[in-house]
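I have placed the structure first, in the form of structure tokens, so that the comments after it can refer back to it.
Quick note: the coordinates plus some simple rules give every number you see, no bench work behind them. Every value quoted in this text rests on a predicted model; they were computed, and no experiment measured them. So basically every Cβ, Gly included, is an ideal-geometry build from the backbone, and we count neighbours across all protein chains shown.
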Ligand SMILES: NC(=O)c1ccc[n+]([C@@H]2O[C@H](COP(=O)([O-])OP(=O)(O)OC[C@H]3O[C@@H](n4cnc5c(N)ncnc54)[C@H](OP(=O)(O)O)[C@@H]3O)[C@@H](O)[C@H]2O)c1
């Protein structure tokens with residue numbers, strides 16, 4: 001049967017496909033793909049391959065020249081709005097300059113870049129220079145494809161993905177603790193694929209003590225990105241872009257009780273342990289080793305003490321609160337403070353793997369964006385219930401855009417928190433930059449395209465359930 005896809009949809013899909021090559025390698029930057037077309041022929045292709053490396057647009061132009069093609073007068077299809085700024089220590093020139101210098105006459109963009117340094121300006125610069133710019137083709141698809149970038153930039157914190165495996169009777173571990181095989185090998189590969197796409201994997205110190213996990217990507221079909229970025233980019237202060245091949249392991253361990261012989265400390269990559277400021281130097285010393293960073297949450301980032309009768313002296317040393325208001329045990333880290341500390345270090349996506357108490361902290365805080373639960377066929381004894389039992393979840397309809405994936409003997413149900421889905425919606429062109437467009441040139445053409453976009457894109461409805469079956 002002949003394809004009903006329009007040629008420009010085909011080119012944008014190709015650009016989205018190219019962007020995938022950067023997955024796991026470009027954070028905290030977005031994944032971006034670009035295709036140059038002239039007279040119905042693709043004359044150049046490019047993608048953002050590695051953090052600090054050339055952007056998709058310049059790669060695409062370079063590729064056109066390398067193939068002996070002249071980009072003048074061509075149309076560029078790009079999954080993200082081109083950047084329009086050069087920050088002090090940025091190696092790459094603005095992509096808008098590269099597009100203008102190459103003499104490209106038309107640009108078709110999928111998504112607006114929510115980075116405040118761009119956010120509509122890239123399009124405006126090119127329009128002002130006389131280029132025809134069309135926005136919003138396959139926009140929703142582009143937003144979904146790099147949801148960690150869009151959700152994190154829009155929210156000012158890393159995108160949080162909660163993930164756990166539970167037995168048929170709702171247990172996440174067997175009685176007595178220790179590693180428990182709840183799901184099968186297909187589910188393991190699937191879960192490691194999710195790990196490979198995240199900047200960081202976060203657990204509580206209980207899981208490290210009981211399971212002694214490696215917290216590395218080992219079983220994914222695609223290995224994680226090399227992360228060899230040598231330069232800096234839109235988010236200069238970042239350190240996540242320079243991480244080793246493995247996602248950063250983050251452990252919440254206020255009193256630094258983790259054993260210094262924990263397996264994960266021997267694994268390649270970095271381990272960040274979040275501790276309280278008053279942990280003694282003696283206790284810290286064994287962790288002064290390559291690959292391990294102790295992150296103190298300063299006292300100001302601790303939540304206000306809860307009313308209580310007796311006093312823990314350590315918080316008292318750092319708090320302005322009256323002693324009578326201090327809690328008997330030091331308060332937990334606020335999840336907002338943990339996420340802020342990670343974001344400031346360049347982490348844009350965190351996979352929270354448990355255990356129960358840690359997950360519950362995130363669920364209670366409401367600061368999570370995606371939930372993936374693997375349900376295996378085992379019936380387990382014991383008390384360690386799924387974190388969803390007893391957590392404060394504000395809205396029972398919180399999960400939207402659900403997918404159900406069959407993975408051998410295990411089913412994975414995954415969905416977006418409706419708040420994150422709503423945040424993604426606000427990034428669409430029709431909400432974002434209409435006010436910035438100059439009269440006449442405007443976004444009326446854009447709105448027309450958005451209409452076309454909605455007709456051609458199979459838009460899923462909120463709460464709609466897609467079933468994917470994975471061959472085993
Ligand atoms: N099935 C699965 O997917 C899965 C995944 C992971 C783990 N598990 C299982 O879960 C069990 C462990 O769960 P768990 O609930 O006992 O332990 P956990 O959540 O791994 O760790 C809890 C500890 O982490 C620290 N912590 C967590 N959140 C914190 C916060 N907001 N602020 C400060 N500290 C925080 C606290 O340390 P302090 O006590 O020092 O304050 C807390 O006691 C194990 O049996 C493991 O096998 C299952």
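For residue 85 and residue 210, FRET efficiency with R0 = 45 Å and r from the beta-carbon atoms, rounded to 0.05?
My answer for the efficiency is 0.40.
Subtracting the Cα-Cα distance of residue 169 and residue 105 from 0.36 nm times their residue separation leaves 17.0 nm of extension gain.
Provide the FRET efficiency to the nearest 0.05 for the residue 259-residue 41 pair, computing r from the beta carbons and using R0 = 56 Å. Before the final figure, lay out the partial values.
Working: r = 61 Å, r/R0 = 1.09.
Rounded to the nearest 0.05, the efficiency is 0.40.
Past the 18 angstrom mark, what percentage of all C-alpha to C-alpha distances in segment 82-224 do you count? Result: 70 percent of Cα pairs exceed 18 Å.
I'm a student and want to see the number: the projected area of the Cα convex hull of segment 42-135, averaged over all directions, in nm². It would help to have the intermediate numbers written out before the result.
Working: hull surface 22.8 nm².
Result: a mean projected hull area of 5.7 nm².
Site pair residue 383 and residue 278 shows an inter-label distance of 2.9 nm when each label is modelled 7 Å from Cα along Cα→Cβ. For segment 1-92, the normalised intensity computed at q = 0.19 Å⁻¹ comes to -0.86 (log10 of I(q)/I(0), Debye sum over alpha carbons, equal scatterers, no solvent).
Tally the DSSP beta bridges in segment 1-127 and give the antiparallel ones as a percent, rounded to 5. Can you show the working numbers first?
Details: 10 of 15 bridges.
Percent antiparallel among DSSP bridges in segment 1-127 is about 65.
Divide the volume of the convex hull around the Cα atoms of segment 126-190 by the residue count and you get 167 Å³ per residue. Stretching the chain fully between residue 409 and residue 293 yields a gain of 37.9 nm (0.36 nm per residue, less the alpha carbon separation).
Among 65, 149, rank each residue by its count of other Cβ atoms within 10 Å, from fewest to most, as a rough exposure measure.
On the way: 65 13, 149 25.
Taking fewest neighbouring Cβ atoms as first place, the list is 65, 149.
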